[in-house]
Amino acid sequence: MTVTTPLARNRRPRAGRTALNVLALLLAAVWAFPVYWMVNGSFQSLSRLRSPEPAWLPFGEGTSADAYGRVVDASFWDSMQLSLVVTLLAVGCGLVFAFLAALAISRFRIRGKGAFVVVILVVQMIPAEALFISQYKMLSGWGLFNTIAGLTVLYLAMILPFTIWMLRGFVAGVPADLEEAAMVDGCSRFRAFFTITFPLLAPGLVACGVYGFLQCWNEITLATVVMDPSNRTVPLWLQGMTTVSNKAIDWPAVMAGATLVAVPVIALFMLVQNRMASGMVSGAVKG
Amino acid sequence: MAQAMTTPDAPPARTDPQPPRLRTRRRRPAPYLLLVPALGTLALGLGYPLVRQVVMSFQEFGLAQQFGTADPEWIGLDNYADVLTDATTWAVVARSLAFCLAAATLTMLLGTVVALLMRQLSTAPRIVLQVSMLAAWASPLVASLTVWNWLFDSRYGIVNWFLVTLGFEGMDGYSWLANPWTFFLVAGVIVVWMSVPFVAFSLYAALTQVPEETIEAAQLDGATRTQRFRFIVVPTIRPVLSIVMLLQIVWDLRLFAQIKYLQNAGGTVSETNLLGTYLYQLGVAQSEYGVASAVAMLMLLLTLGLTFGYVRSLLREERTA
């Protein structure tokens, strides 16, 4: 976010730039509004939400945090626990596996490297939605239907291709010369790698980890298909709140639930997005 | 994919101008072992299901086979014949393609505009724009769907309130999801809203790699703004541009969660099915695994067809790189 073009900027006439700034703020408003509306709605009372005039602000008369009390119950914590376990397992294994693979393809000259890279890319194009029938049947055949292990394996396979793709860019971005210099100075190959290259890769690993975390945390298709309805991940728990039939939806509670699911993730994302975007770019350009 | 598997690597000596390094001299099994965990997982989680899916698409496989009261029977291309002669399939395919192309095009256009805009803005508006894009990008899918569903709610939604305030009295209590056209309008708005930040940030990152010196030199030589954009900026960001567009098409063709959610919230399933939800309906709800597998194969072929050109050029690049 830091690189700018001073030249291009100064040349633009003042009026033109003001117009662009206004356009940008309009776009920002459109993109931020739903997120604001979610948080705002979670603090309103039911009756206030049903009045014909919209309630614009999350404070003042008629607002409270009651909805959070209604929404945080045992089923919320159960879902939270399930989601956390599956996500952390998948991301942990995913990072290790992807890291090893990225190392192999960008630090060694191996046969079939080009083919491997293309396979990784093509695999990303296979729609998960085209496979879930047989994934479902595979897991139920092995007695892994509705188990943490089953869902974790599928999530792992889901995040691996993109993680390898991104990490490859990061590994290629650290010059091998540094390592070789250390080896000339008498370091073992192993030690050279872990004292020189690994620290430089840490930010890339964090970025990939967060990206994988988000993918698993938000995943809904596979969680619908291979888990029992009584065993819901967080997204399904939230979805369940709006599909209650015959009953008027408790919008403040739903919005409180959505906020609880979203805010930690948004915060996490803000911390690392810059690295993620650059990782995406280096993955696309570097061999 | 089979073709990719068998593609041999280019001879190392030809393209490497540097003298061979220490690490390249010996061939050892270690680097291949490093690939094993990743390849193993992919084979287990994607490869095996894919093979099974192909097999199942040639079998009679329904509830009876699922519970073991009958063996899966080989029926050749019957499933495919059923699927391909069913008008519903073609309606779903046409709907999916139209929606995918419309959403992907709009997303790419808006994303490019936002990325270019971010380069031109003053600091404060740029940060505001980036933060709101990030918030939208990071919002969990279901949380976003929930809010959008509420925004378009017929009685309590702010969209209807806003339209009525503007003077469109007919929109009072309008049910967006009940009519297929407005259903897809809502779905399109949501999908584009969710996808633009990814495109914008990727292209923004790519734009920071445009060489400043070249731009300046071209400027001194009298190149106009348009020329500089076309001959320097576009070629630099092309790799990112094409992969982002490819991903966008793939993602928009396989939409499932968004459509399923809106269907649950009040859409007419038969008139709003896209490939993903149609598959779900056939396979999971009706337990017609064989037929569903054939539809899945059709979807896979469509995806590969849409991306074939890109994959081929990539193969060529990898072969020469």
Sort B:Ile249, B:Ile127 so that the residue with the fewest other Cβ atoms within 10 Å of its own Cβ comes first and the one with the most comes last. B:Ile127, B:Ile249
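Among all stretches of chain A without exposed trypsin sites (Lys or Arg not before Pro) (DSSP loop, at most 14 other Cβ atoms within 10 Å), which one is longest?
Numbers: sites that count: A:Arg50, A:Arg111, A:Lys247, A:Lys286.
Between exposed loop sites, the widest span is A:112-246.
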Looking only at other chains, what is the average number of their beta-carbon atoms within 10 angstrom of each beta-carbon in A:33-45? 4
Which whole-Hz ³J(HN,Hα) couplings does region A:258-265 yield from phi under the Karplus relation 6.51 cos²θ - 1.76 cosθ + 1.60, θ = phi - 60°, glycine and proline marked x? 4, 4, 4, 6, 7, 4, x, 5
To one decimal place, what Kirkwood hydrodynamic radius in Å is obtained for the protein assembly as shown from all pairs of distinct Cα atoms? 26.2 Å
From the alpha carbon gyration tensor of chain B, can you work out the equivalent ellipsoid semi-axes (sqrt of 5 times each eigenvalue) and give them in Å, largest to smallest? 39, 36, 17
Working from Cα positions, state the angle (0 to 90°, nearest 10) between the long axis of helix A:74-107 and the longest principal axis of chain A. 20 degrees
Vicinal HN-Hα couplings computed from phi for region A:163-177 (Karplus, 6.51 cos²θ - 1.76 cosθ + 1.60; Hz; Gly/Pro x): 5, 4, 4, 6, 5, 4, x, 5, 5, 5, x, 9, x, 5, 4
Report, by chain and number, residues whose modeled amide H sits under 5 Å from the one on B:Gln59, excluding near sequence neighbours (fewer than 5 apart, same chain). B:Ile75
Using Cα pairs closer than 8 Å and at least 6 residues apart in sequence, work out the relative contact order for chain B, in percent. 27 percent
Can you give the relative contact order of region A:6-68 as a percent, counting alpha carbon pairs under 8 Å and 6+ residues apart? 28 percent
Tell me, what ³J(HN,Hα) does each residue in region A:199-214 have, in order and in whole Hz, if you take phi through Karplus 6.51 cos²θ - 1.76 cosθ + 1.60 with θ = phi - 60° and put x for Gly and Pro? x, 6, 8, 3, x, x, 5, 4, 4, 5, x, 5, 5, x, 4, 4
Log entry: pair-distance distribution for region B:70-201, C-alpha pairs binned every 5 Å from zero, whole % per bin is 2, 9, 12, 14, 14, 14, 12, 8, 6, 4, 3, 2, 1, 0
Listing B:Tyr174, A:Tyr155 by rising number of other beta-carbon atoms within 10 angstrom, fewest first, gives B:Tyr174, A:Tyr155
Quote the FRET efficiency, to the nearest 0.05, computed for A:Met80 versus B:Ala217 with a Förster distance R0 of 41 Å and r equal to the Cβ-Cβ distance. 0.15
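Here, each number is a calculation from the coordinates, and none is a lab measurement. Just so you know, these numbers come straight off a predicted model, no measurement behind them. Ideal geometry is used to build each Cβ from the backbone, glycine not excepted, and the neighbour counts take in all protein chains shown.
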